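Engineer: Below is one structure. I have some questions about it.
The values are calculated or read from the model by the stated rules, or taken from the named source; none is laboratory data. Since we're looking at a predicted model, the values are computed, not measured. Neighbour counts run over all protein chains shown; Cβ positions are idealised from the backbone, glycine included. Note: areas computed on protein heavy atoms with side chains; ligands, DNA, RNA excluded. Shrake-Rupley method; radii C 1.70, N 1.55, O 1.52, S 1.80 Å.
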Amino acid sequence: MEQRFAEILLMLGAAVAVILAFRRLHVPSSLAYLLVGVLLGPYTAGPVIDAQSIQGLAQFGIVFLLFTIGLNFSLPQIRALRHQVLGLGTGQVALTTLVVGLLAWIAGAPAVAAFVVGAVFAQSSTTVISKQLAEQAEENSRHGRLGIALSVFQDVMAVPFVVVIPALGAAVGAAALGKELSLALAKGVLAFVLVFSLGRWVLRPFFHLVAEARSAELFTLTVLFVSLLAAWTTDQLGLSLAFGAFLAGMVLGETEFRHQVEATIRHFRDVLLGLFFVAMGMLIQPQTIPEVWHWALAGAAVLMLSKILIVALLVRWSGVDSLTAWRTGILLAVGGEFGFALLALALPVGAVDEEIAQIALNAVLFSIVLSPFLIRYNHALAKLVAASPTERDDHGLPQPTSESVGALKDHVVIFGYGRIGQNVGHVLEEEGIPFIALDLDPARVRQARLAGEPVFYGDGTDREVLKAVDIRTARLLVISHADTAAGLKALHHVKALRPDLPVMVRTRDDTHVEELRAAGATEVVPETFEAGLMIASHALLLLKMPQSRVLRRIQEHRSSRYRLLREFFPGHPIADGGVEDAVERLRPVRLPPESPANGRTLGELRLEGVVVTALVRDGERALSPSPETTLRSGDAVVLFGSPDDLERAIRRLLG
């Protein structure tokens, strides 16, 4: 007992010291845990701790990790993602597993081991990607949102591997392999039915009963009991502990207790996941690195290059521009923690031998070490391989040129035509102030063009594009997107072309305010400050304090523009971070010659539940057309409403 206690103290002390040092160097803590495992493992000189006891606890780190992933991917959420990340994520994992598996098999690995290596290489580290992007202020950029979404979805796609890999290790021969896989999948379906049927009928009322006791201790015990009970159930069926925890998380993810459950389990997950990385570090044999380093480096190269190419091609095929596609591919080139988890499942059942496991472990480790540099310079690297602005596919959309833009003077230029950019554009239009907007989302540009709005497909960080939108004669530039890195680059070019131009920049918070002002921004508007202003004004009202003229004007303006602030073109759902789920949105509809609405007035059509915000005819845009307006072929009717109301209105317009 004394020795076990001393080993635990030694491990915790080493973890604290190494993580503290790695934090100062801005290195992911997962690498710190791996180093602790290497230093205290049986393959290095110095103190050694009992690996079996650590590995027994470490598997619970994966259990709680899968439980947390299940909380964030309930069935309704997966259904909502089926048209967005589902196709891209599934394609990326399947293609990477296939390509890498074939290469490993050609290199001489057994078929089962090659499949395991492919599955390991298909994973990416959500922790490394999200942390590095946050440090670079790119987490809200288009490539940042897409990269994080795909890396999280990879964790979900690892669940089938959790079911299949133990079956692969038990199988001998093709017939036995087919039998084991069929049996494993049947058990997986049975576990799914058991956990979901019992969970839906029992868990929600049970958690209501626990919540009524108002005891944090009881709630924590209940969460631990439910997650471990589900894990034990799948373990008794011959499946992994982690699979049951994932199913339990999916069930609880549909309840109103999801956020509290996640907050309760987080600390257990982080500590036990750290133990898992320590256990994986103990498997690394430094003395074998001189023998396999060339294979490990080759594996790291295959891992990174295959994922960059596959992700970039898939994202490009989905309709995202070339530069963003390559930047997303570079983000996902890093190996993932879940690759270690799959290796930990494969080793005990004999699905992969020690030598191949060492090569795969070191390959993933090399990629994680290189990942901060890849992510930090993703823009520069992507520009080396992405098509140049003149060669890039413009999706058939008009790009800003002196001919397409026309003669402009005293106008406003808007970079980014998402929610914020469209709000600014609509207000400028009502005031009769000319503006021109740029955006890199083809779907959004196409919708806005159909609605008669002056929006072009173009990159605001390109010096030639700035000249094309007549930046030298503009009155104001509004950078409305939240990509700070792109904003700084645009400010650099604007300062060179037009140093006296007022520039307003939107940012998430006040982290980069001084940096943006130093780069040339006249005014920086942090969203958090605006939220604070709203809360403060409401607090004063509740305190019965008198309203000043300014506050009254602001309140009246916000009340009158409330509907306008919700009117936006959603654009591409992947690139915009899931705005497809918004309650209400704009939708332009072009009337074909055979439309039954031709020759009828808006009042006669009775488009219930929607508002006709504009009508575009012969290139002229009229706001809020009257009910007596007669429609004709070629008109573009801009509707605003909920998805269901919009579908009904479109059916009436198009028949």
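Engineer: Say whether the condition of being among the small types (G, A, S), touching a Pro at 6+ places or on another chain (Cβ under 9 Å) and on the phi < 0 side of the Ramachandran plot is met by at least one residue in segment 188-208. Reasoning before the result, please.
Structural biologist: Step one: filter segment 188-208 for residues among the small types (G, A, S), giving 188, 191, 197, 199.
Then drop every residue that is not touching a Pro at 6+ places or on another chain (Cβ under 9 Å), which leaves 188.
Of the ones still in play, those that are also on the phi < 0 side of the Ramachandran plot are 188.
Scanning segment 188-208, I find at least one residue that is among the small types (G, A, S), touching a Pro at 6+ places or on another chain (Cβ under 9 Å) and on the phi < 0 side of the Ramachandran plot, so the answer is yes.
Engineer: Could you check segment 422-472 and list, in sequence order, the residues that are in contact with a Lys or Arg (Cβ under 6 Å, 6 or more places away or on another chain), in a loop (DSSP other than H, G, I, E, B) and under 18 Å from H493 (Cα atoms)?
Structural biologist: Across segment 422-472, the qualifying residue is only T461.
Engineer: Which of (1) out of contact with any Lys or Arg (no Cβ under 8 Å at 6 or more places or on another chain); (2) under 15 Å from A451 (Cβ atoms); (3) surrounded by fewer than 18 Cβ atoms within 10 Å (Cβ to Cβ) is the odd one out, the single condition G634 does not satisfy?
Structural biologist: If we test G634 against (1) out of contact with any Lys or Arg (no Cβ under 8 Å at 6 or more places or on another chain); (2) under 15 Å from A451 (Cβ atoms); (3) surrounded by fewer than 18 Cβ atoms within 10 Å (Cβ to Cβ), just (1) comes out false.
Engineer: Now, a different point. Taking interchain pairs and intrachain pairs at least six residues apart, which have beta carbon atoms under 7 angstrom, with the first residue in segment 191-202 and free of Cβ contacts under 8 Å to residues at least 40 places away in the same chain and the second open to solvent by less than 70 Å² (accessible area, probe 1.4 Å)?
Structural biologist: Matching pairs, first to second residue: L194/T233.
Engineer: Out of G421, G458, G452, I need the residue that is open to solvent by less than 40 Å² (accessible area, probe 1.4 Å), in contact with a strand residue (DSSP E or B) (Cβ under 6 Å, 6 or more places away or on another chain), at pLDDT 80 or above and under 20 Å from W317 (Cα atoms). Which one?
Structural biologist: On the way: G421 fails: under 20 Å from W317 (Cα atoms); G452 fails: under 20 Å from W317 (Cα atoms).
When all the criteria are applied, what remains is G458.
Engineer: Looking at segment 316-325, can you tell me whether even one residue there is more than 18 Å from the chain's Cα centre (by Cα) and crowded, with 23+ Cβ neighbours inside 10 Å?
Structural biologist: Looking for residues that are more than 18 Å from the chain's Cα centre (by Cα) and crowded, with 23+ Cβ neighbours inside 10 Å, one finds none in segment 316-325, hence no.
Engineer: Conditions first: (1) surrounded by 15 or more Cβ atoms within 10 Å (Cβ to Cβ); (2) at pLDDT below 85; (3) small (G, A, S). S402 passes all but one, so which condition is the exception?
Structural biologist: (1)
Okay, residues lined up against (1) over 19 Å from G188 (Cα atoms); (2) in contact with a helix residue (DSSP H, G or I) (Cβ under 6 Å, 6 or more places away or on another chain):
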residue	(1), (2)
F207	yes, no
A231	no, yes
G253	yes, yes
E256	yes, no
R266	yes, no
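Engineer: Which of the residues spanning segment 195-229 are charged (D, E, K, R) and either surrounded by 15 or more Cβ atoms within 10 Å (Cβ to Cβ) or not in a helix (DSSP H, G or I) (or both)?
Structural biologist: Quick first cut of segment 195-229, residues charged (D, E, K, R) only: 200, 204, 212, 214, 217.
R204, R214, listed by residue number.
Engineer: Shifting gears a bit: Give me the helices (runs of 4 or more DSSP H) completely within segment 102-194, filtered to those with at least 2 residues that are modelled with pLDDT under 80 and within 28 Å of the chain's Cα centre (by Cα), ordered by residue number.
Structural biologist: Hits in segment 102-194: 126-135, 142-170.
Engineer: Same structure again: Having 2 or more residues that are free of Cβ contacts under 8 Å to residues at least 60 places away in the same chain and not charged (D, E, K, R) is the bar; report the strands (runs of 3 or more DSSP E) wholly within segment 591-641 that clear it.
Structural biologist: On the way: elements: 611-617, 620-623, 636-641.
Here the list reads 611-617, 636-641.
Engineer: In a helix (DSSP H, G or I) and surrounded by 21 or more Cβ atoms within 10 Å (Cβ to Cβ): does that describe G335?
Structural biologist: On the way: in a helix (DSSP H, G or I): no; surrounded by 21 or more Cβ atoms within 10 Å (Cβ to Cβ): yes.
It is false that G335 is in a helix (DSSP H, G or I) and surrounded by 21 or more Cβ atoms within 10 Å (Cβ to Cβ).
Engineer: On to the next question. Report, by residue number, each residue of segment 1-30 that is under 26 Å from L133 (Cβ atoms) and either crowded, with 18+ Cβ neighbours inside 10 Å or at pLDDT 85 or above (or both).
Structural biologist: So the first thing to find is which residues in segment 1-30 are under 26 Å from L133 (Cβ atoms), and the list is 15, 18-30.
Answer for segment 1-30, where residues must be under 26 Å from L133 (Cβ atoms) and either crowded, with 18+ Cβ neighbours inside 10 Å or at pLDDT 85 or above (or both): A15, V18, I19, L20, A21, V27, P28, S29, S30.
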